[in-house]
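Shown next, in structure tokens, is the structure this report addresses.
Nothing in this text is a laboratory measurement; each read-out follows from the coordinates by a stated rule. Remember, predicted model here, so these are calculated numbers, not experimental data. With ideal geometry, Cβ positions are generated from the backbone for all residues, glycine too; neighbour counts draw on all protein chains shown.
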Amino acid sequence: DAGVTQSPTHLIKTRGQQVTLRCSPKSGHDTVSWYQQALGQGPQFIFQYYEEEERQRGNFPDRFSGHQFPNYSSELNVNALLLGDSALYLCASSLRAAGIGGNQPQHFGDGTRLSIL
Amino acid sequence: SQQGEEDPQALSIQEGENATMNCSYKTSINNLQWYRQNSGRGLVHLILIRSNEREKHSGRLRVTLDTSKKSSSLLITASRAADTASYFCATDNQAGTALIFGKGTTLSVSS
């Protein structure tokens, strides 16, 4: 039973560039949430996708956008990268029918480490 | 913004000792969860406790919740070196759709 998989594992970009991160949810899950974790901090919620639509968004600028595909996989796009975007980006999946996000355990991938030079 | 705050920020103990981590939060909650994160890895769910529960056990883990004090604690008994990790508490956001994490407690267990 495959868990949450994220790609790539590491990425180095320069300021102003654009990046796309990918996530495949745990088998049987239909909801994907993205989190940003800066060094030494807890994860911060970016947004959540369900039925191919953004359902909830945290306090992140429009430079952060996403997509969910019919097979429930998801992408996180960040435009005009800033030094402050350097972080571990985590994807979490869950099953909507089992309860909404805070009411059930979230299954996390190992993340993509994004470094901005 | 962070909802939960863990205390202490760092904890160092010997194998076999118990480790206690505390979490305080600001607003009323429906659920509180604890997660573990090994260095450079994703988060692993440990326990979910609902607002109408006071205590929950899972193996060597015991979680308590005091909604009147807006606080929770995670107790790991008979710690092992493999318990070395960061531990985070997380509460649900207002819409109940996402998690709000604290900054975590870094636990080091030496053999």
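Where does the protein assembly as shown land on the Kirkwood hydrodynamic radius, alpha-carbon pairs, in angstrom?
With all distinct Cα pairs of the protein assembly as shown included, I get 17.9 Å.
Give, in whole angstrom and from largest to smallest, the semi-axes √(5λ) of the equivalent ellipsoid of chain A, with λ running over the eigenvalues of the Cα gyration tensor.
23, 14, 13
Tell me, what ³J(HN,Hα) does each residue in segment B:9-17 have, in order and in whole Hz, if you take phi through Karplus 6.51 cos²θ - 1.76 cosθ + 1.60 with θ = phi - 60° and put x for Gly and Pro?
Values per residue, Gly and Pro as x: 6, 9, 9, 10, 9, 9, 3, x, 7 Hz.
Give me the lysines in straight-line cross-link reach of B:LYS69: C-alpha distance below 16 Å, same-chain residues under 8 apart excluded.
B:LYS26
Assuming R0 = 22 Å, can you tell me the calculated FRET efficiency for the pair B:HIS57 and B:ASN18, based on Cβ-Cβ distance, to the nearest 0.05?
That gives a FRET efficiency of 0.95.
What distance in nm lies between label points placed 7 Å from Cα along the C-beta direction at B:ASP7 and A:THR14?
4.7
Among residues other than A:PRO70 whose Cβ falls under 11 Å from its Cβ, what is the net charge (Lys/Arg +1, Asp/Glu -1)?
With Lys, Arg at +1 and Asp, Glu at -1, the net is -3.
Given the C-alpha atoms of chain B, compute the convex hull and give its volume per residue in Å³.
94
So which lysines can A:LYS26 reach, going by Cα to Cα under 30 Å and dropping same-chain residues fewer than 8 places off?
A:LYS13, B:LYS56, B:LYS103
Which of A:TYR49, A:SER33, A:ALA80 sits farthest toward the positive end of the charge dipole of chain A, with +1 on the Cβ of Lys and Arg and -1 on the Cβ of Asp and Glu?
Of A:TYR49, A:SER33, A:ALA80, it is A:ALA80.
Among A:GLN68, A:THR5, B:LEU75, whose Cα projects farthest towards the positive end of the dipole of the protein assembly as shown, with charges put on the beta-carbon of Lys, Arg (+1) and Asp, Glu (-1)?
After comparing all options, I get B:LEU75.
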